[in-house]
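Novice: One structure is given below, represented as structure tokens, and several questions about it will come after.
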Amino acid sequence: PPPRRLSAPLAATPPPPPSPPPSPARLHLQALERIEEGNVAGATAVLELLVKQAPDYLPGLLELALLRERAGARDAAFPLMRALRTRAGQLPPDTLVDGPEALPARFYLASADAYLNLGALE
């Protein structure tokens, strides 16, 4: 005879929904922690993922550009600063941009301008 089932078959439960990806600010904080630990490669990987997932997240663009600049990869930093300048320039100057610290859009615009103008002077 067939083996007896001790319990009724489990109803098919739908799989749990995938957890949402971490917020851009959370990823940014993970990158900052890695920078503090001296893990530049790890920080770069987190920031590259961040910029891919949230291309309009201004603090991530700035952080990755500065990290690349410090690593001597100015050619890789320039396009990020140009993207930062374009995106920041589309926002009203006093718009607060969410990040590890909420800063106005004009801060990001001024940062990009300073970097890009500095590059032009050299």
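Novice: With a 1.4 Å probe and all protein chains left in place, how much of the accessible area of segment 24-119 comes from carbon and sulfur atoms, in whole percent?
Specialist: Roughly 55 percent of what the probe reaches on segment 24-119 is carbon or sulfur.
Novice: Would you kindly derive the ³J(HN,Hα) couplings of segment 45-56 from the backbone phi angles with the Karplus curve 6.51 cos²θ - 1.76 cosθ + 1.60 (θ = phi - 60°), listing them in order in whole Hz, with x for Gly and Pro?
Specialist: After applying 6.51 cos²θ - 1.76 cosθ + 1.60, I find 4, 5, 5, 5, 5, 4, 5, 5, 6, 9, x, 9 Hz.
Novice: Given the Cα-Cα distance of ALA41 and GLN90 and 0.36 nm per residue of separation, how much length would full extension add, in nm?
Specialist: 14.5 nm
Novice: Would you tally the net charge around ARG85, using a Cβ to Cβ cut-off of less than 12 Å, leaving ARG85 out, and scoring K and R as +1, D and E as -1?
Specialist: Local charge sum for ARG85: +2.
Novice: Now a separate question. For segment 24-119, report the accessible area per residue in Å² (1.4 Å probe, heavy atoms, rounded to an integer).
Specialist: 54 Å²
Novice: Given R₀ = 25 Å, FRET efficiency for SER23-ALA114 by Cβ-Cβ distance, to 0.05?
Specialist: 0.35
Novice: Can you list residues from other chains, or at least 5 along the same chain, whose modelled amide H is less than 5 Å from the amide H of LEU103?
Specialist: Under 5 Å from the amide H of LEU103 lie the amide H atoms of VAL97, each far enough along the sequence or on another chain.
The values are calculated or read from the model by the stated rules, or taken from the named source; none is laboratory data. Just so we're clear, the structure is a prediction, and the values are computed from it rather than from any experiment. Neighbour counts run over all protein chains shown; Cβ positions are idealised from the backbone, glycine included. The protein model used for the area step is the full one, side chains on, heavy atoms only, and it has no ligands, DNA or RNA in it. Shrake-Rupley method; radii C 1.70, N 1.55, O 1.52, S 1.80 Å.
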